[in-house]
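Step one of this worksheet: look at the structure below.
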Amino acid sequence: MNSLIQYTLRIADSSLILGQRMSQWCSNGPTLEEDIAMSNIALDSFGQANGFYEYAAQLDGSRSADELAFKRNEREFFNHQLSEQENGNFGTTTVRNFLHDAFNFLFYTELASSKDETLAALSAKSLKEVKYHLRHSSNWLIRLGDGTQESNMKVQESLNFLWQYTGEIFEMDEIDNEMLDAGVGVDNNKLRKGWDEIINSTIEKAKLTRPVDGYMANGSKKGIHTEHLGFLLAEMQFLPRAYPDAKW
Amino acid sequence: MQNGNTAHIWKLLNTIPDPEIPVISIVELGVIRDVTFTDKSYTILITPTYSGCPAVKTFTDDIKECLKENGVRNFKLKLIYSPAWTTDWMTDKTKEKLRKYGIAPPSNTVRCPQCNSKNVEILSEFGATACKSMCRCSDCLEPFEFFKCI
């Protein structure tokens, strides 16, 4: 597969999968305001994914955006493993999104100046939304971390658990390097410093402890995932697979 | 018959209300970026407000319906992402329409659309649609929506 398609798909996949996770909160949020907030974030993520899928489909020429989202199997998805992690409690979702949003904010900031005009435009658009997603997840992290003993303990546990998925988001493989050399892609290594600053300052405000780097999961760039993605896809893809001609 | 009257197309588009906020048109919202006429056909450039805004589908359907009803058949719609939509494109007149409708217009200073007080609090950054936050006036105590700056 063409490297640019692959690169675009990775971005689209992470947005789609995180969006699907957020949509699972719809009608289950801890308060009505949060329910609406999380559904809004899900919608933004789907919209962002759609833009990137439409571009990938246009480059690909043989599959539509819907087919890319609904007709690929687990091993053909390239989203960060972080994005597929289960919602858990509200604190787990907050931590997962915070780690993801901080990366996305920096990633889109860089990709907005890509030589590829479409990727640049989609990134500039997505960035506007990711900014308030990051504000939302950061504010909740601080509120929960600096909340009660119970809430602090829960988000610290989530942070400790999810930390193992923060390694691969910075990984660079041959496709990333090829895109970087072409002036299209982002040097993920360069994002680390900014990410550390956001993470450290927020964690400090939240009275949490930054976990020590230990085992780091990886493999999503090759389609390797945790067991959660298969279940997520089974639910998300059921309708278009069971009723291939279904139309809204 | 088709002489490339883009001003006429703009006029027709300006009659289409925003699906969520019917007091302003989609032209006033700023989602119509350009109307051009080449090779006997109009091209209408549209940009989404928010990436996932469900209203985009509705207003593209509305545009098609409106133009066809008015006898315009030679047109195509094109979705563009750059430059990204911003609330800066709304005119003061449009903002005033929003305020009268009960939505605090995009501004650095949020004011209660009922009593004009600056003494307001944001209850949630997310409202019934992606473009609005939920607020409450601390003076008149009325809850209201604020059209976010983006």
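Odds and ends about this structure:
- Loop trypsin sites (Lys or Arg not before Pro), region A:81-168 (other Cβ atoms within 10 Å of the site Cβ: 11 or fewer; DSSP): A:Lys115
- The separation of region A:42-65 from region A:104-149, counted between C-alpha centres, amounts to 19 Å.
- Placed amide H near A:Gly147: partners under 5 Å, 5+ positions off or other chain: A:Asn152
- Over chain B - Rg/Rh using Cα atoms and the Kirkwood inverse-distance radius: 1.05
- Efficiency of FRET from Cβ geometry, A:Ser201 and B:Asn108, R₀ 22 Å, rounded to 0.05: 0.30
- The spacing between region A:158-188 and region B:12-84, judged by their C-alpha centroids, is 38 Å.
- Working note: 222 nm ellipticity from helices only, DSSP H runs with n ≥ 4, each -39,500 (n - 2.57), summed and divided by the residues of the protein assembly as shown, gives -16000 deg cm²/dmol to the nearest 500.
- In degrees, nearest ten, helix A:117-145 long axis to first principal axis of chain A (Cα): 20 degrees
- Sparse packing (at most 11 other Cβ atoms within 10 Å of the Cβ) combined with a DSSP loop state is found for the following trypsin sites (Lys or Arg not before Pro) in region B:85-150: B:Lys118.
- Pair-distance profile P(r), taking every C-alpha pair of region B:88-147, with 5 angstrom steps and integer %: 4, 23, 32, 26, 13, 2, 0
- C-alpha long axis of helix A:90-111 to longest principal axis of chain A, angle in °: 50 degrees
- A Förster radius of 45 Å combined with the Cβ-Cβ distance from B:Lys76 to A:Asp187 puts the calculated FRET efficiency at roughly 0.70.
- Convex hull volume per residue in cubic angstrom - Cα atoms of region A:170-248: 210 Å³
- In region B:6-85, Cα pairs under 8 Å separated by at least six residues give a relative contact order of 31 percent.
- Convex hull volume of the protein assembly as shown per residue (C-alpha atoms, cubic angstrom): 156 Å³
Coordinate-derived values only; no laboratory data. Predicted model, so just to flag it, every value in this text is computed and none were measured. Because the Cβ atoms are built from the backbone with ideal geometry, glycine has one as well, and the counts that use them run over all protein chains shown.
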